Every structure is written in structure tokens, then in C-alpha cells.
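J.: Quick one: the structure is below, questions incoming.
The values are calculated or read from the model by the stated rules, or taken from the named source; none is laboratory data. The shown structure was predicted, so the numbers you read here are calculated from the model rather than taken from an experiment. Note: ideal-geometry Cβ built from the backbone for every residue, glycine included; neighbour counts use all protein chains shown. Heavy atoms of the whole protein, side chains included, go into the accessibility calculation; ligands, DNA and RNA do not. Shrake-Rupley method; radii C 1.70, N 1.55, O 1.52, S 1.80 Å.
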Amino acid sequence: MRVLLLLSYLTVSSLFCAAQAPLPAKNLSIFGRGMYPGDDSTYALLQEAGFNTVLLSSFYIHGDGDLYSGDDNQHPVIHDGKWVGDTAYLRRVAALKKGARIEILLEGRWYNQPPNTFDFMRDWVDSTKQVPGVVTGVGDNSTLFTICKVLKEVVGADAFCIDDESVYDSHSIIEMGKIAARLNMHMTLCPFRVNEFWSTVLKNTDPKVVDAIYLQCYDGGRNANPGLWKNAMNPVQPVYPIFMCRGSFSTCGTSHNSKTVEEIKGEMIRFKKDYPEMSGACIWQMADVKNFVKNNCAVVDPSSGTARSVKEFLAQIKGALSTGL
């Protein structure tokens, strides 16, 4: 069994030595929270739905240098510079990669939460610092470089996506962009408001590396507008709105500015009017899509939508995100 697992690991790893995928011209994206390690049926539904970017989420760097999935905070997926996570997950992601760009969402803490991810990035990019169990700096042997290398070579990631909502240390993120460049990867940004941090990162990174901005249009970003953001920041990168669907926080009703399929269509029309060159949109997240169906929202709260299956809801969401593009 150990030999078979190793062969499977090597086979999956060998698939990802080629250049990483560029952005689709019409980028229809979905975040994949709730998909580690996942199951074959969920991945098959997502493949069939035809989203051309999947952002696997969320992943957290811990103080000992390990990387964890937000779906399992008990067992690391990367330990001591090696993939120790589920091997079936690698197979499932490899199948997705045949038709989609794969990104890894690196998520940080909210306010008043314990340090993780971006707190450690801020400290570890300085090679003069001594951290037990961690190789600081951004060299080829550093902990940060190794994590990114494993995400590329083993998981098959084309990019890592930065979702920092608390630390806002531009220097460390700019250094992460340099790591991405050395690995022939991309890096994307996931803001919910305009601030100096995002502007500094954009001004000091190669737009061929940092190639997209996913703008949170829910919760703290409930008033965000990709056109206004484009005008304020003037990035050369495309800006894609992210919507939260009904089913979020396991409720059929509105929560944290979650929207119905029809409301998403309306927002896409409004956003496209302000931002004619808008070329994509995104939904947060697969776990919520499944919760909508699990909670029988079409019956419990008919105003929330009509979908009775995950397949139907994914198709409706994809259609809504395509509105006007």
C-alpha cells in the first residue's frame, strides 16, 4: 500500500512541471472551501459545472512552519517541507486542473484572533531572524519558498491568492510575489476595501505575476464596486467581484450580504455598467452551495432561490456570474 501511495504521489506531482495557467479571458471562478479532502462526487459536480478557475480554500500557515487546510485544523497538509496531506485530494485536484486554473487561497486572521499566516510571513521574510523550526528569508531553502514550491509541484497550483484582512504588511507580500515569479507561478489579491497596503503591493509587483484582483462584495465589502475600485487604484489587472450566495452561514436567508441568483444577476448588470471591461466574477463558496441544498432552501425559503440540487444551483450561479460578460 505504501508503494502504491508513493507511486500515486509521484504521478500526480509530475503533472505540474509545465508553465502555470494564465487567466481565462472570461474568468468564472469559485472558492472551494469544504473540499479538503472532499469526495469524488463533489469534485465531479464541480468539473461538470465548468468554472474555469477554482480557488482552493482556505489554507493557513502556523507558527511551526506547517500549512493547514481550513477544513482540518488537526492535521497539517505540509510538514517539514513535504506534502503529508490526503493523497486522494491530490488526485481530485489534478482532475479539476484539466479544465481550470487552480489557485490556493492563503487566509489570515480577522481582528482579535490569534496570529497566523500573514503574521508569520511578515516575520519570516527577514533572514536575520531566528525562529525555531523555521528557515527564515525567501531563499530556495526557506520555509515560505518551500511551502509555495510544494503547492505548485505537488498540489498543482497555478497561483496563490492573498486574503489579508488584518496584518497588512506590504513588504512580505511583495517578497511572496518574488517567490511566485521564481516558481513561474502567479499571485492574486483578495481585498474588500481600498487601502494603502493593496496600492503598495500593486505598485511594487510585476503585473505578469500579480495578474488578478478578486474583490469581496459581501460582509466587510458589502459596498465594494469593482468599477469604483478600478478607478481608485488604477490597476492594470482585471478586477472580479466575489459574491456570497444564499446558504452561507447555513441559512437560507440573507446573511453577511449573501445574495440570490437573481440578485447576483442584477449586481453584474450594475457593475458592468460602471466597469464595461469587467471580464469575470466569482462565488464564495462550494460549502455554501451545498448548504443551500442540504437545508432545502428552495422549499424552506422560496425567496432564496429555486435550486433543488447542487448541480442545478451550480449551473444557476455560473449563469448569474456570466451575466453581461
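J.: With +1 on the Cβ of every Lys and Arg and -1 on the Cβ of every Asp and Glu, and nothing else charged, how large is the dipole of the range 176-325 about its Cα centre, in debye rounded to the nearest 20?
T.: 200
J.: Excluding residues fewer than 8 places away in the same chain, name every one of the aspartates and glutamates whose C-alpha is closer than 20 Å to that of Lys273.
T.: Within reach: Glu262, Glu263.
J.: May I have the convex hull volume per residue, in Å³, for the Cα set of the range 229-325?
T.: Once divided by residue count, the hull of the range 229-325 is 91 Å³.
J.: How large is the helix-only mean residue ellipticity at 222 nm for the chain, computed as the sum of -39500 (n - 2.57) over DSSP H runs with n ≥ 4, divided by its residue count, in deg cm²/dmol to the nearest 500? Don't skip to the end; give the middle numbers.
T.: On the way: 12 runs with 117 residues, N = 325.
The per-residue figure over the chain is -10500 deg cm²/dmol.
J.: Sticking with this one: For all pairs of alpha-carbon atoms in the range 16-174, what percent lies in each bin of width 10 Å, listed from the first bin to the last filled one?
T.: The calculated distribution, bin by bin, is 11, 40, 35, 13, 1.
J.: What is the mean projected area of the alpha carbon convex hull for the range 59-122, to one decimal in square nanometres?
T.: Details: hull surface 20.7 nm².
Directional mean of the projected Cα hull area for the range 59-122 stands at 5.2 nm².
J.: Name all residues of the range 53-91 having a backbone nitrogen under 17 Å from the label point set 7 Å from the Cα of Lys98 along its Cα→Cβ direction, giving them as ranges.
T.: Answer for this model: 53-54, 88-91.
J.: What is the distance in Å between the Cα centres of the range 251-278 and the range 54-99?
T.: 31
J.: Another one. Could you tell me how many degrees, from 0 to 90 and to the nearest 10, lie between the Cα long axis of helix 310-321 and the main elongation axis, the longest principal axis, of the Cα atoms of the chain?
T.: 90
J.: May I pose another question? Return one number: the angle in degrees, 0 to 90 and rounded to the nearest 10, between the long axis of the Cα atoms of helix 170-182 and the longest principal axis of the Cα atoms of the chain.
T.: The angle comes out at about 80 degrees.
J.: In whole Å, what are the Cα extents of the range 157-266 along the three principal axes, biggest one first?
T.: 44, 30, 25
J.: Please go through the range 231-325 and write out the GluC sites (Glu not before Pro) that DSSP classes as loop and that have at most 11 other C-beta atoms within 10 Å. It would help to have the intermediate numbers written out before the result.
T.: Numbers: sites: Glu262, Glu263, Glu267, Glu277, Glu312; in loops: Glu277.
Within the range 231-325, the qualifying GluC sites (Glu not before Pro) (loop, at most 11 other Cβ atoms within 10 Å) are Glu277.
J.: Give the lysines reachable from Lys272 as a straight Cα distance under 24 Å; neighbours fewer than 8 places away on the same chain don't count.
T.: Lys26, Lys230, Lys259, Lys318
J.: Out of all DSSP beta bridges with both ends in the range 119-270, state the antiparallel percent to the nearest 5.
T.: 10
J.: Do any chymotrypsin sites (Phe, Trp or Tyr not before Pro) in the range 45-121 lie in a DSSP loop with no more than 16 other beta carbon atoms within 10 Å, and if so, which?
T.: Listed in order of number, the matching sites are Trp110, Tyr111.
J.: Let me spell out the model: positive unit charges on the Cβ of Lys and Arg, negative unit charges on the Cβ of Asp and Glu, origin at the Cα centre of the chain. What dipole size does that give, in debye rounded to 20? Walk me through the numbers on the way to the answer.
T.: Working: 32 positive and 34 negative charges, 182 e Å.
With only Lys, Arg, Asp and Glu charged at Cβ, the dipole is about 880 debye.
J.: Moving on. How much accessible area per residue does the range 267-325 have, in Å², with a 1.4 Å probe?
T.: Here the per-residue accessible area is 45 Å².
J.: Then there is this: Let me know the Rg and Dmax you get for the chain when you use only its Cα atoms, in Å.
T.: 19.1, 59
J.: Among the DSSP beta bridges whose two residues both lie in the range 48-136, what percent are antiparallel, rounded to the nearest 5? Present the calculation step by step, with values, prior to reporting the outcome.
T.: Details: 8 of 13 bridges.
Around 60 percent antiparallel, to the nearest 5.
J.: Same structure, new question: If the chain between Arg222 and Lys294 were fully stretched, how many nm would it gain, using 0.36 nm times the residue separation less the Cα-Cα distance? Walk me through the numbers on the way to the answer.
T.: Details: separation 72, 0.36 × 72 = 25.92 nm, distance 2.57 nm.
So the chain would gain 23.3 nm between Arg222 and Lys294.
J.: Which value in nm describes the separation of the simple spin-label points at Ser309 and Asp64, placed 7 Å from the Cα toward the beta carbon?
T.: 4.4
J.: Follow-up. Between Arg193 and Glu262, what FRET efficiency follows from the Cβ-Cβ distance if R0 is 22 Å, with the result rounded to 0.05?
T.: It comes to 0.25.
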